[in-house]
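Participant: Got a structure for you, questions after.
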Amino acid sequence: PIDESLDENLREGTLIEVPTGTYLVRRRHDVAGVSRWGIVGLGGTRRGVQFTLPAGRSFRWIMADGGSDSLVENFTMQQGRKFDRSMGMGFLIDDNFLLYNVEKAGSNPREDSQSGATNGIAVQVSEPDGVAVVDTFVRKGPQDFAHYPGNSITVFTGRGHHGTVYYRNLHVENGGEHGIYASKGQGDVRVEGGLFKNNLGDGVRISGEGSWVKGATVVIDANDRTAGNRGNWHQARGIHMQSGEYGYTGGLVEDCTVIARATPRTEALLKIEHSQGAAAVRNCRFYNDTNYPTVSVDKPDTGSQRPAKPWEMTFENVEITGRAANTVAMAMEGRPRSRISNVTIDLPGVGVDGIVLDDC
């Protein structure tokens, strides 16, 4: 157990260097208003240093609130194989946070299990000029799937976010509720690179001007699932733009590849919700072998989730291919002044429409 050591050393001006080994954490550790602190594993890989917690427990073992200039690097949160514990971290910081080369490994229980469940990581920046960078976070283990909202979000940025967070080179696979859920904060969320595969709900969800998904790969394939899963994996979307009652406009999807080979259900490989205003999609490739739409753009909401204007969409240099049948390549409603240019559609299957526009 290392709780007493953490209590003593999680303080301003201290970098905790952890030798190779496995370490037990028995309770949550709050780092409130502390700056210039860090935890770095000294192993040759991130599996060299592993933190775990007791069976039957679920909590964020590190919970940072406020402060700046912090570093978390090169270790694994190890949950084991029995679906009997869940481990995560939270960073609600002011500015200058870096997380690099961290993994959440092992089996992931549902929230109504004996242990409960918690997020992999939650990252929010409170200062409008503040920045956080998450580079190389991995989560791939088996999941006990429950119906929404019975699982924990893997990577979360919520309503209290005002700055900028960069999510770079993440590998989030088999998440119980979304790969990245980050569409309702007031700040920017920038997803760059990474692989998001077979996550229940969304692969990546963002919204709003200043936010983007660039160079990411999103895969939905019911025939290539993680061994050892439990429960019912019942829906997966690719990239999703949605902001609920905030009604943001703007945002970019660029240089992304979205692949849907097989799925029990999806709304679309790219879903633009009624609460999302304008957005741009450029230089993207979509491969669709299912009976569901490739791109679906909703009519802007007229009620409590009405998005700010402008509402028009821009699609440039987009390729849609695959063996889809009885569906549509692109469907868009209520988006006048939109622009579709250099879009290639090659879906030779039965009953497939190309571009369907309604009130555009």
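Participant: What are the pairs with Cβ atoms under 7 angstrom where one residue, in the range 275-298, is at positive phi and the other, located anywhere, is open to solvent by 40 Å² or more (accessible area, probe 1.4 Å)? Sequence gap at least six, or different chains.
Facilitator: Final answer for the pair search is N283/D255; N283/N317.
Participant: Got a number for residues in the range 70-87 being of a type in the set (G, A, S) and not in a strand (DSSP E or B)? Before the answer, list the steps.
Facilitator: Step one: filter the range 70-87 for residues of a type in the set (G, A, S), giving 70, 80, 86.
In the following step, the residues that additionally are not in a strand (DSSP E or B) were identified as 80.
The qualifying residues number 1.
Participant: Inspect all residues belonging to the range 200-215 and state whether any of them is of a type in the set (K, R), within 11 Å of the chain's Cα centre (by Cα) and crowded, with 24+ Cβ neighbours inside 10 Å.
Facilitator: Start the filter on the range 200-215 by keeping residues that are of a type in the set (K, R), which leaves 205, 214.
Subsequent filtering for residues that are within 11 Å of the chain's Cα centre (by Cα) retains 205.
Among the residues that remain, those that are also crowded, with 24+ Cβ neighbours inside 10 Å are: 205.
Yes, there is a match, as at least one residue in the range 200-215 is of a type in the set (K, R), within 11 Å of the chain's Cα centre (by Cα) and crowded, with 24+ Cβ neighbours inside 10 Å.
Participant: Now for a separate question. Looking at the structure I just gave you, is M332 open to solvent by less than 30 Å² (accessible area, probe 1.4 Å), in contact with a Cys (Cβ under 9 Å, 6 or more places away or on another chain) and farther than 19 Å from V213 by Cα?
Facilitator: Details: open to solvent by less than 30 Å² (accessible area, probe 1.4 Å): yes; in contact with a Cys (Cβ under 9 Å, 6 or more places away or on another chain): yes; farther than 19 Å from V213 by Cα: yes.
Yes; evaluated as a whole, the condition is true for this residue.
Participant: What are the pairs with Cβ atoms under 6 angstrom where one residue, in the range 243-262, is among the β-branched types (V, I, T) and the other, located anywhere, is in a strand (DSSP E or B) and open to solvent by 30 Å² or more (accessible area, probe 1.4 Å)? Sequence gap at least six, or different chains.
Facilitator: T257/T217; T257/R285; I259/Y287
Participant: While we're here: Do we find that V49 is touching a Leu at 6+ places or on another chain (Cβ under 6 Å), open to solvent by less than 60 Å² (accessible area, probe 1.4 Å) and without any contact (Cβ under 8 Å) to a residue 40 or more places away in the chain in this structure? So that I can check it myself, show each step before the final result.
Facilitator: Details: touching a Leu at 6+ places or on another chain (Cβ under 6 Å): no; open to solvent by less than 60 Å² (accessible area, probe 1.4 Å): yes; without any contact (Cβ under 8 Å) to a residue 40 or more places away in the chain: yes.
Spelling it out, it is not the case that V49 is touching a Leu at 6+ places or on another chain (Cβ under 6 Å), open to solvent by less than 60 Å² (accessible area, probe 1.4 Å) and without any contact (Cβ under 8 Å) to a residue 40 or more places away in the chain.
Participant: Of the residues E111, E73, only one is within 20 Å of the chain's Cα centre (by Cα), closer than 16 Å to R47 by Cα and open to solvent by 30 Å² or more (accessible area, probe 1.4 Å); which?
Facilitator: On the way: E111 fails: closer than 16 Å to R47 by Cα.
Going through E111, E73 in turn, just one is within 20 Å of the chain's Cα centre (by Cα), closer than 16 Å to R47 by Cα and open to solvent by 30 Å² or more (accessible area, probe 1.4 Å): E73.
Participant: When you go through E273, E245 one by one, which is the residue that is modelled with pLDDT of 95 or more and either among the β-branched types (V, I, T) or touching a strand residue (DSSP E or B) at 6+ places or on another chain (Cβ under 9 Å) (or both)?
Facilitator: On the way: E245 fails: either among the β-branched types (V, I, T) or touching a strand residue (DSSP E or B) at 6+ places or on another chain (Cβ under 9 Å) (or both).
It is E273.
Yes/no matrix, rows are residues, columns are (1) touching a Pro at 6+ places or on another chain (Cβ under 8 Å); (2) assigned to a strand (DSSP E or B); (3) under 18 Å from A260 (Cα atoms); (4) open to solvent by less than 50 Å² (accessible area, probe 1.4 Å):
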{"residue": "D301", "(1), (2), (3), (4)": "yes, no, no, yes"}
{"residue": "Q305", "(1), (2), (3), (4)": "no, no, no, no"}
{"residue": "S341", "(1), (2), (3), (4)": "no, yes, no, yes"}
{"residue": "P348", "(1), (2), (3), (4)": "no, no, yes, no"}
{"residue": "I355", "(1), (2), (3), (4)": "no, yes, no, no"}
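The values are calculated or read from the model by the stated rules, or taken from the named source; none is laboratory data. Because the structure is a prediction, the values reported are computed rather than measured. Virtual Cβ from ideal backbone geometry, glycine too; neighbours counted across all protein chains shown. Protein only, heavy atoms only, side chains kept; ligands, DNA and RNA dropped before computing areas. Shrake-Rupley method; radii C 1.70, N 1.55, O 1.52, S 1.80 Å.
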